[in-house]
Amino acid sequence: MLNRWNDQEASKLEGDLLKLRVYTSRLQGQDPDLVLHGGGNTSVKIKETNVFGEEEEILYVKGSGWDLATIETAGFAPVKLSRLLQMADLDELTDLDMVKYQRTAMTNPSAPNPSVEAILHAIIPFTFVDHTHADAVVTISNTPGGEERIREIYGKHMLIVPYVMPGFILAKEIYNLTRDFDWNKVEGMILLNHGIFTFHDDPKVSYDRMISNVSLAESYLASKGIEALSEEEGANANLEQLARFRKHVSEAMKKPTLCRLNQDQQAVAFSNLDEVDSIIERGPLTPDHIIRTKRTPIMLGKDPEARLSRYIQSYQNYFEKNTPGDLTQLDPAPRWGVWPGVGTVSIGPTVKHVRIIEDITAHTMKSIHQAEQLGGWVALPEKDLFEMEYWSLEQEKLKKGGKPPAMQGKVALVTGAASGIGKACVDELLSQGAVVTALDISADITSVFDTGQVLPLVCDVTSEEQMKDAIEKTIIHFGGLDMLITNAGIFPKSLYIKDMSDSTWSKSLDINLTSHQRLFQLAKPYLDEGIDPAIVIMGSKNVPAPGPGASAYSVAKAGLTQLGRVAAMEFGGDGIRVNILHPNAVYDTAIWTDEVLQARADHYGLTVEEYKTNNILKTEVTSVDVARMAVAMLGPVFSKTTGAQVPIDGGNERII
Ligand code: ZN
C-alpha cells in the first residue's frame with residue numbers, strides 16, 4: 001500500500017494539530033482500499049483554553065456525514081475529553097443518550113455530530129488516532145480460521161478484539177480490556193470483521209503504522225498466491241428484462257429508482273464465479289455497508305418478477321426472525337444485483353447513490369474472491385448484521401436531506417437538448433430530481449451539462465441506428481425510461497408552395513415528423529415498463545394557425561400532432577400519456593439573434609420589446625416557460641390528461 005505522506009506538505013502545517021489531522025485523514029481517504037464513502041474515522045486530542053481561562057482537553061473527532069477524502073477542519077466535532085471518559089466508565093448507555101451527552105459536551109454547538117466511535121477514540125491515550133475498514137485486513141478476517149490468521153500476522157504488536165457492535169458496546173469492551181494495559185506495547189488494534197486502528201502522538205507515525213500494518217495484510221494475501229478477479233467481457237443484457245426489474249424494484253421501494261448495469265470486466269468475472277449464488281448469500285464486506293447494500297444482493301436473469309418476489313419474501317423472513325419486536329421493517333428491495341454472464345446492477349434513487357453502491361460492491365467482489373481462495377467467504381452472523389442494519393444511529397445517516405425532489409429516480413429522454421427549449425427542459429427535469437438522456441446532433445451536447453445526472457449523447461434523430469443506440473444506452477445507464485420530450489426540430493427556410501424544393505420538403509418531414517415516429521416506436525417497449533410513463537410532443541402554433549411560406553414546417557408539425565393524438569389512443573391502454581404543446585414566439589433560442597429580432601420587429605413597425613410581447617397577455621414567452629409547462633405535463637398534475645393540445649403563446653386570437 002502506497003504511503004502518501006509528503007514531508008513538504010506536512011511541514012507547512014507544523015504546529016497546527018487540527019490541520020495535520022485534516023491532512024493525514026485525507027491521505028487515508030484517498031485510498032479506496034482503506035476507506036470508502038464515509039467509512040473510517042480519525043481524531044486528534046488538543047489542549048485549549050476556553051473564554052473563562054480554563055484549560056480543557058478536546059477530542060476533535062470526525063463528524064458524521066463527512067468523508068475522510070474531502071474532510072475539512074469544520075468536519076471535526078470538538079468534544080470535551082473528560083466527559084467522553086466519564087461516559088466510558090458508565091455500565092450502560094443507550095445510543096440515544098450517547099448521542100445526546102456527546103452533543104452537550106461539544107464546545108461548538110454548530111459542529112456535526114461526533115462519529116459513533118468518539119468514546120473509543122477518547123479511551124486511546126494518544127494524540128492521533130486513525131481508524132479504517134481496510135479491505136485486506138477485513139478480507140483475511142472474513143475467512144474460516146480468520147482470527148488465527150490475524151493473530152499470526154499481528155499477534156505480537158497489535159491488540160486483537162473479537163467483533164462486537166460498534167458504538168458504546170465496542171468502546172466499553174475496549175475500556176474493560178485495557179484497564180491495566182500498557183498501550184505503548186502495541187502499534188494499534190485489529191477489530192475482527194470490522195477494521196483497524198493505529199495511534200501515536202506523532203501524526204506521521206500513526207499514519208505510517210496504518211499503511212505498514214495494512215501492507216502486512218496485503219503481503220499475506222500475496223504470499224498465499226491470491227489472484228485478482230480475471231477480466232471478462234459481459235454478454236449483452238436483455239434490456240427489457242432490466243427495465244421490468246427496475247419497475248418492480250421501484251414498487252418494492254415505494255418510489256422510483258435507478259438500476260444501473262455495471263459491465264466492468266471484474267463485475268462480469270464475479271458474476272461468472274461457479275458458486276456465485278451461494279457466495280452472495282453470506283453477507284457484506286463490513287457490517288456498516290449493510291445500510292447501503294442490504295445484507296445480500298439479488299440474483300438476476302430470466303423472470304425478474306419472480307426473483308424479486310422471492311428476494312422480498314426472504315427479506316421479510318430475515319426481519320421477522322431477527323426483530324426484537326419494536327422495529328419497523330425497512331423497504332425490502334435489494335440495492336444491487338448479480339446477473340450471471342452479464343455483470344452487476346446497482347440500485348439507488350440518484351446517480352450519486354448508484355455510484356456509491358458501485359464502489360462498495362467493487363471492493364466487496366474483490367474481497368469475496370480473495371477470501372474464497374483463502375478457504376471461503378465468511379461474513380458476520382445474520383444477527384450481528386441485522387443489529388447494524390436496524391441500528392438507530394446508522395439509520396439516521398440515511399435520513400438526512402429532507403424530502404426528495406418530485407421526480408427523483410425517474411428517467412427522461414429529451415431530443416434537441418443542447419440549446420433553447422430542449423436545454424431548458426433538461427434543466428427543469430434536473431431541478432425536479434430526474435435523470436436525463438440529452439440528445440443533440442451538435443457535439444456541444446457533451447459539454448452543456450455539468451452533472452452525472454445527465455447522459456449526454458451526440459445523436460442524429462433521423463438515424464434509426466443512432467436512436468436505437470441512444471435508447472439502449474439510456475436503459476443500461478439508468479435502468480429504464482419513463483418520460484420523453486420529443487423536441488428536436490428544424491425551421492426550414494420560408495418557401496411558397498410553388499417554389500418548394502424536394503429537399504426542403506423532405507428534410508422537414510424527416511426531422512420534424514418521421515424521426516419522432518421512429519422514436520416512439522423504439523421507446524415504446526421501455527415506456528411500457530416505465531413509472532407513470534408520459535410523452536410530451538413539441539408542436540407549434542403553426543398547427544392550429546399556419547402561415548404562408550411555412551408549408552414544409554406546418555405540414556410536418558401538423559402530422560406530428562396527429563401522430564401524438566393517435567399515440568394517445570394507442571398507448572393509453574398501456575398507461576402512457578401523450579400530450580402536445582404548441583409554443584409560439586419563443587425568442588430566447590439560438591436562431592433568434594439580436595439582428596434577426598430587430599429585422600422582424602422593423603418589418604412590422606414595432607420595437608423589439610413590442611415584437612416579443614405581441615400577444616394578448618402582452619408577455620414574453622421564454623424557453624424556461626415552455627420547459628416548465630412540458631415538465632408539468634409529464635408530472636402528476638396531468639396524470640388524468642392525454643391527447644391534449646396546450647398552447648403556450650401568451651394568448652393568440654387565431655388560436656382562441
Ligand atoms: Zn469502524
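The values are calculated or read from the model by the stated rules, or taken from the named source; none is laboratory data. What you are looking at is a predicted structure, and each value in this text was computed from that prediction instead of being measured. Counting neighbours? That spans all protein chains shown, and the Cβs are built from the backbone with ideal geometry, glycine included. The protein model used for the area step is the full one, side chains on, heavy atoms only, and it has no ligands, DNA or RNA in it. Shrake-Rupley method; radii C 1.70, N 1.55, O 1.52, S 1.80 Å.
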Inset, instruction - Enumerate the residues in segment 316-348 having an amide nitrogen under 15 Å from the point lying 7 Å beyond the Cα of GLU251 toward its Cβ. - result: 332-334
Inset, instruction - Could you state the angle between the C-alpha long axis of helix 203-223 and the longest principal axis of the C-alpha atoms of the chain, as a value from 0 to 90 degrees rounded to the nearest 10? - result: 80
Inset, instruction - Pick out, in residue order, every one of the GluC sites (Glu not before Pro) in segment 79-180 that is DSSP loop and has at most 12 other C-beta atoms within 10 Å; say none if there are none. - result: GLU92
Inset, instruction - Quick one: check the C-alpha center-to-center distance for segment 192-219 versus segment 470-523, whole angstrom. - result: 59
Inset, instruction - Please report how far the C-alpha centroid of segment 251-290 lies from that of segment 60-130, rounded to the nearest whole angstrom. - result: 33
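Taking only C-alpha pairs under 8 Å that are 6+ residues apart, what is the relative contact order of the chain in percent?
Numbers: 1224 pairs, mean separation 64.8, N = 656.
Relative contact order comes out at 10 percent.
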Inset, instruction - Specify the inter-centroid distance of segment 618-656 and segment 146-181, based on alpha-carbon positions, in whole Å. - result: 65
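What share of the DSSP beta bridges in the chain is antiparallel, in percent to the nearest 5?
Working: 36 of 70 bridges.
Of all bridge pairs located within the chain, approximately 50 percent are antiparallel.
For an R0 of 41 angstrom, estimate the FRET efficiency from the Cβ-Cβ distance between ASP594 and GLU464 and round to the nearest 0.05.
Values: r = 38 Å, r/R0 = 0.93.
The value I calculate is 0.60.
So what is Rg over Rh here for segment 239-400, counting just Cα atoms and using Kirkwood for Rh?
0.94
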Legend entry - Simple spin-label estimate for LYS12 and LYS507 in nanometres, 7 Å along Cα-Cβ: 5.5
Inset, instruction - Let me have the relative contact order for segment 274-373, percent, based on Cα pairs under 8 Å that are six or more residues apart. - result: 27
Inset, instruction - Using the structure shown, select from LYS247/LYS302; LYS255/LYS302; LYS498/LYS557; LYS468/LYS541; LYS473/LYS507; LYS493/LYS618 the pairs with a Cα to Cα distance greater than 18 angstrom. - result: LYS255/LYS302; LYS498/LYS557; LYS468/LYS541; LYS473/LYS507; LYS493/LYS618
Legend entry - Helix 464-478 vs. the chain, principal-axis angle (Cα, 0 to 90°, nearest 10): 30
Inset, instruction - For TYR496 paired with ALA306, estimate the spin-label separation in nm (one decimal), with each label point 7 Å from Cα along the Cα-to-Cβ line. - result: 6.9
Legend entry - Per DSSP, loop trypsin sites (Lys or Arg not before Pro) in segment 550-637 with at most 14 further Cβ within 10 Å: LYS618
Inset, instruction - Could you calculate the FRET efficiency of ILE655 with SER278 from 1/(1 + (r/R0)^6), where r is the beta carbon distance between them and R0 is 45 Å, rounded to 0.05? - result: 0.10
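With r defined as the distance between the Cβ atoms of LYS403 and ALA74 and R0 fixed at 22 Å, what FRET efficiency is calculated, to the nearest 0.05? Could you put the intermediate results ahead of the total?
Values: r = 26 Å, r/R0 = 1.16.
For LYS403 and ALA74, the calculated efficiency is 0.30.
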Legend entry - Cut-off of 10 Å, at most 15 other beta carbons, DSSP loop: longest stretch of the chain lacking such chymotrypsin sites (Phe, Trp or Tyr not before Pro): 182-495
Legend entry - Rg in Å to one decimal, and Dmax rounded to a whole Å, for the chain via C-alpha atoms: 30.1, 102
Legend entry - Simple label model, 7 Å out from Cα along Cβ direction - ARG355 to ASN322, nm: 3.0
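Using DSSP to define loop residues, name the GluC sites (Glu not before Pro) in segment 248-349 whose beta-carbon has at most 15 other beta-carbon atoms within 10 Å. Display every interim value, and only then the final one.
Values: sites: GLU251, GLU275, GLU281, GLU305, GLU320; in loops: GLU275, GLU281.
Counting only loop positions with at most 15 other Cβ atoms within 10 Å, the GluC sites (Glu not before Pro) in segment 248-349 are GLU275, GLU281.
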Legend entry - Portion, in percent, of the accessible area of the chain that falls on carbon or sulfur, probe 1.4 Å: 50
Inset, instruction - Any chance you could give the angle, 0 to 90 degrees and rounded to 10, that helix 623-634 forms with the longest Cα principal axis of the chain? - result: 80
Inset, instruction - Hey, can you find the accessible area per residue of the chain for me, probe 1.4 Å, expressed in square angstrom? - result: 43
Inset, instruction - Find which of CYS425, GLY559, SER141 sits farthest along the positive direction of the dipole of the chain, computed with +1 on the beta-carbon of Lys and Arg, -1 on that of Asp and Glu, about the Cα centre. - result: GLY559
Inset, instruction - Give me the net charge of SER346's neighbourhood, meaning all other residues with Cβ under 11 Å from the Cβ of SER346; Lys, Arg count +1, Asp, Glu -1. - result: +1
Legend entry - Rounded to whole Hz, the Karplus (6.51, -1.76, 1.60) HN-Hα couplings of segment 177-188, x for glycine and proline: 5, 10, 4, 10, 10, 8, 4, 5, 7, 10, 8, x
Legend entry - For SER43, distant residues with modelled amide H under 5 Å away: VAL129
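Quick check for me: using +1 on Lys/Arg Cβ and -1 on Asp/Glu Cβ, what's the dipole size of the chain about its Cα centre, in debye to the nearest 20? Could you put the intermediate results ahead of the total?
Values: 63 positive and 87 negative charges, 323 e Å.
In total the dipole reaches around 1560 debye.
Per residue of the chain, what 222 nm ellipticity follows from adding -39500 (n - 2.57) for every DSSP H run with n ≥ 4, rounded to the nearest 500? If you can, show how the numbers build up before the last one.
Values: 26 runs with 278 residues, N = 656.
Value at 222 nm, helices only, nearest 500: -12500 deg cm²/dmol.
How much length would be gained if the chain were fully extended between GLN86 and VAL624, taking 0.36 nm per residue of separation minus their Cα-Cα distance, in nm to one decimal?
Values: separation 538, 0.36 × 538 = 193.68 nm, distance 5.88 nm.
Taking 0.36 nm per residue and subtracting the Cα distance, the gain is 187.8 nm.
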